[in-house]
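As structure tokens, the structure follows; a few thoughts come after it.
The values are calculated or read from the model by the stated rules, or taken from the named source; none is laboratory data. In this text the structure is predicted, and so the values were computed from the model without any measurement. No Cβ is skipped: glycine too gets one built from the backbone with ideal geometry, and neighbour counts run over all protein chains shown. Surface areas here come from the heavy atoms of the whole protein model, side chains and all, with no ligands, DNA or RNA. Shrake-Rupley method; radii C 1.70, N 1.55, O 1.52, S 1.80 Å.
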Amino acid sequence: MISVFVDSLEFDTIIGLLDFERVEAQRICIDMEFSADEFIDYAKVCEVTQSEFKEQKFYKIEDALEYFSIKFKENYPSLNSFYMKISKTQIIKNATVGAKIIKNY
């Protein structure tokens, strides 16, 4: 089975629980991988991901991970596995932090 991946999709978005995170966009970096029995357009995946982040303004990275694991399964019914890692690249001066999900359907 072939997997489609996206590495280092970077953009600014509103995400986080802290007051300043709710008003000032911060840089995030996303890695994703999809295994499915159908064509997955990685350009479309990038577009949808950025659009949904802009619209949803997630409070927690974990909420975003769960949201996308459901959304992409709905968009690609034959999705067998999904991986997503969301990193906050500037929130801590000397570290990149975040969370990831690995989902097998």
| request: Quick one: check the C-alpha center-to-center distance for segment 1-36 versus segment 77-105, whole angstrom. | output: 8 Å
| said: Assuming a strict under-14 Å limit between Cα atoms, what lysine pair count do you get for the chain once near-sequence pairs (fewer than 8 apart, same chain) are dropped? | reply: 9
| remark: Once phi for every residue in segment 18-33 is put through the Karplus expression 6.51 cos²θ - 1.76 cosθ + 1.60 (θ = phi - 60°), the whole-Hz ³J(HN,Hα) values, with Gly and Pro written as x, are 6, 3, 5, 6, 7, 10, 10, 5, 10, 6, 10, 10, 10, 10, 9, 8
| remark: Taking 0.36 nm per residue of separation between Glu33 and Ile102 and subtracting their Cα-Cα distance, the length gained on full extension comes to 23.9 nm
| request: Grab the DSSP H runs of the chain that are 4 residues or longer, score each as -39,500 (n - 2.57), total them, divide by all residues and round the 222 nm result to the nearest 500 deg cm²/dmol. | output: -9500 deg cm²/dmol
| said: Taking the 0 to 90 degree range and rounding to the nearest ten, how far is the long axis of helix 42-56 tilted relative to the main principal axis of the chain, both from C-alpha atoms? | reply: 40 degrees
| message | If I take R0 = 30 Å and measure r between the Cβ atoms of Lys73 and Phe20 in this structure, what FRET efficiency does the formula 1/(1 + (r/R0)^6) give, to the nearest 0.05? | response | 0.35
| request: Could you pull out every residue, at least 5 positions away or on a different chain, whose amide H is within less than 5 Å of the one on Ala25? Hs are placed 1.01 Å off N in the peptide plane, and Pro or chain starts have none. | output: none
| query | Expressed as a whole percentage, what fraction of the accessible surface of the chain belongs to carbon and sulfur atoms when a 1.4 Å probe is rolled over the protein heavy atoms? | reply | 50 percent
| remark: Taking N as the number of residues in the chain, the ratio of its alpha carbon radius of gyration to 2.2 N^0.38 Å works out to 1.06
| task | For helix 61-75, report the angle its Cα long axis makes with the longest principal axis of the Cα atoms of the chain; keep it between 0 and 90° and round to the nearest 10°. | result | 30 degrees
| field | Probe 1.4 Å, protein heavy atoms only - accessible area per residue of the chain in square angstrom | value | 60 Å²
| remark: Once both label points are put 7 Å beyond Cα along the C-beta direction, the Val48-Asn94 separation in nm becomes 4.1 nm
| request: Amide H neighbours of Phe11 under 5 Å, at least 5 residues apart or on other chains, H built in the peptide plane: list them. | output: Ile28
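Using the Cα centre as the reference, give the magnitude of the dipole from point charges on the C-beta atoms of segment 30-85 (Lys, Arg: +1; Asp, Glu: -1; all else neutral), rounded to the nearest 20 debye.
Result for segment 30-85 is approximately 180 debye, rounded to the nearest 20.
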